[in-house]
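Here is the structure we will look at.
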Amino acid sequence: MQILFCHPNAAPGEAERWQAGLTARLGAAGLGVPGFTIRTPEVAAPPADYALLWNPPPAALLGQTRLRAAFALGAGVDALLGADVLPPGVPLYRLEDAGMAAQMVEYALHAVLRWQRRFDEYEALAARGEWRTLTPRPRPLIAVLGLGALGGAVASAFAGLGYRVRGWSRSPRTLVGVEGFAGPEALMACLDGAGVLIDLLPLTAGTRGLLDGRVFAQLMPGALFVNLARGAHVVEADLLAALAGGRLSAAVLDVFGQEPLPAGHALRDRPEVTVTPHIAALTRLDAALDSIAAAITAIEAGATAVLGRVDPARGY
């Protein structure tokens, strides 16, 4: 078995950790010691059976005619589906969770509670040397867009804390304590009067540019917007207008249309905008290794229904 690892932005030693982890797990599963090639511009990749990919260049899999499957080293797959990286017919798998759901819940809880309890404003007061009490905001109605493994975990976490939560997805989902909305025609009803909007949608043709002025106008005046999904979901000019006009009182943004976010960008240095560098949920190595090793073991055993397979028609 030959495995190709292609991650141009991998930290020093990261590829070797993936190699050691997969070797141990696949060996324990009785599949022997896999060959492992770290793809770089200087290294010609031999024929591989499986590919592990993160932001690969378009020619990364050129000539790979015997691939049985490719694995995205994260939850998002839009970069792989949109760049013609994969040879025709090669199934793509994504990490369904791999430790990311708990991190996403932590980030979302922090963002909402910091805004609700006005800790962001206390930080500004402290920086100016002011000492005064602010009235906390009432508990908001929370709308979560996207109820997959990550969005569903976030919606359920807020519901478990007693928040009123709505969730919107492509097809109906049932989650305890979450009022479900499904399909394009239900989006505005889901957003109506929400005090917090949390984006956890996949990036598809149908969600690109979805979050525009019409969406922000549906929210409660002074709402909070939290984007943990993809920057391309957002019409940035409309987001800036919603902030300037007070429809949004704050935004917490982990993803952007261009990353890194350029110096001098309009979303930088705004006091009501919190920017983080796409760190809401990082891939946990051990959990990801367990997931990929289990999938390879199942494929080698002839399984056809393997967790995490991406439907190219849907985009996730």
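The values are calculated or read from the model by the stated rules, or taken from the named source; none is laboratory data. All figures in this text were calculated on a predicted structure; none of them were measured in a lab. Cβ: placed from backbone, ideal geometry, glycine included. Neighbour counts: every protein chain shown.
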Original post:
What is the one condition in (1) surrounded by fewer than 18 Cβ atoms within 10 Å (Cβ to Cβ); (2) under 22 Å from the mean Cα position of the chain (by Cα) that Ala24 does not satisfy?
Top reply: (2)
Subject >> Residue count for the range 217-241, restricted to those that are surrounded by 23 or more Cβ atoms within 10 Å (Cβ to Cβ), free of Cβ contacts under 8 Å to residues at least 60 places away in the same chain and either touching an Asp or Glu at 6+ places or on another chain (Cβ under 7 Å) or over 18 Å from Gly151 (Cβ atoms) (or both) >> reply: 3
Subject >> Count - residues of the range 101-114 that are touching a Phe, Trp or Tyr at 6+ places or on another chain (Cβ under 8 Å) and either exposed (fewer than 15 other Cβ atoms within 10 Å of the Cβ) or not assigned by TED's automatic domain parsing to the domain that holds Gly160 (or both) >> reply: 2
Subject >> Inter-residue pairs, beta-carbon under 9 Å, first under 19 Å from Pro46 (Cβ atoms) and in the range 1-25, second assigned to a helix (DSSP H, G or I) and acidic (Asp, Glu), 6+ apart >> reply: Met1/Glu300; His7/Glu14
**OP:** Quick one: count up the residues across the range 169-212 that are under 17 Å from Val105 (Cα atoms) and free of Cβ contacts under 8 Å to residues at least 60 places away in the same chain.
**Re:** 7
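Looking only at the range 174-210, count every residue that is closer than 23 Å to Gly74 by Cα and at pLDDT 95 or above and tell me the total. Before you say what the answer is, go through the steps one by one.
Here is the first cut: in the range 174-210, the ones closer than 23 Å to Gly74 by Cα are 198-210.
Among the residues that remain, those that are also at pLDDT 95 or above are: 198-201, 207-210.
The number of residues fulfilling the criteria is 8.
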Subject >> Filtered residues of the range 145-198 (kept if more than 18 Å from the chain's Cα centre (by Cα), charged (D, E, K, R) and not in a strand (DSSP E or B)) >> reply: Arg164, Arg173, Glu185, Asp192
Original post:
So which pairs qualify, if the first residue must be in the range 254-269 and closer than 27 Å to Glu106 by Cα and in the same structural domain as Gly209 (by TED's automatic domain parsing), the second must be assigned to a loop (DSSP other than H, G, I, E, B) and of a type in the set (D, E, K, R), the Cβ gap must be under 7 Å, and the two must be at least 6 apart or on different chains?
Top reply: Val255/Arg230; Leu261/Arg268
Subject >> Selected residue (only one of Ala298, Ala281 is assigned to a helix (DSSP H, G or I) and either of a type outside the set (S, T, N, Q) or over 22 Å from the mean Cα position of the chain (by Cα) (or both)) >> reply: Ala298
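Do you know which of the residues in the range 115-136 that are in contact (Cβ under 8 Å) with a residue 24 or more places away in the chain and buried (at least 16 other Cβ atoms within 10 Å of the Cβ) is nearest to the chain's Cα centre (by Cα)?
Of everything passing the filter in the range 115-136, Trp115 is nearest to the chain's Cα centre (by Cα).
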Original post:
Going by the structure shown, is Val196 closer than 22 Å to Gly148 by Cα and touching a strand residue (DSSP E or B) at 6+ places or on another chain (Cβ under 7 Å)?
Top reply: yes
Original post:
In the range 208-221, is there at least one residue being over 20 Å from the mean Cα position of the chain (by Cα), in a strand (DSSP E or B) and of a type in the set (A, V, I, L, M)?
Top reply: no
**OP:** All but one of (1) within 22 Å of Leu248 (Cβ to Cβ); (2) assigned to a helix (DSSP H, G or I) hold for Thr135, so report the exception by its number.
**Re:** (2)
**OP:** Taking Pro184 as the residue in question, decide whether it is surrounded by fewer than 15 Cβ atoms within 10 Å (Cβ to Cβ), farther than 18 Å from Leu211 by Cα and in the same structural domain as Leu253 (by TED's automatic domain parsing).
**Re:** no
**OP:** Tell me, please, whether a residue that is surrounded by 21 or more Cβ atoms within 10 Å (Cβ to Cβ), touching a strand residue (DSSP E or B) at 6+ places or on another chain (Cβ under 6 Å), closer than 30 Å to Ala157 by Cβ and assigned by TED's automatic domain parsing to the domain that holds Ser249 can be found in the range 82-100.
**Re:** no
Original post:
Out of all the residues in the range 232-247, is one or more in a loop (DSSP other than H, G, I, E, B), within 22 Å of the chain's Cα centre (by Cα) and either among the hydroxyl-bearing types (Ser, Thr, Tyr) or within 28 Å of Glu16 (Cα to Cα) (or both)?
Top reply: no
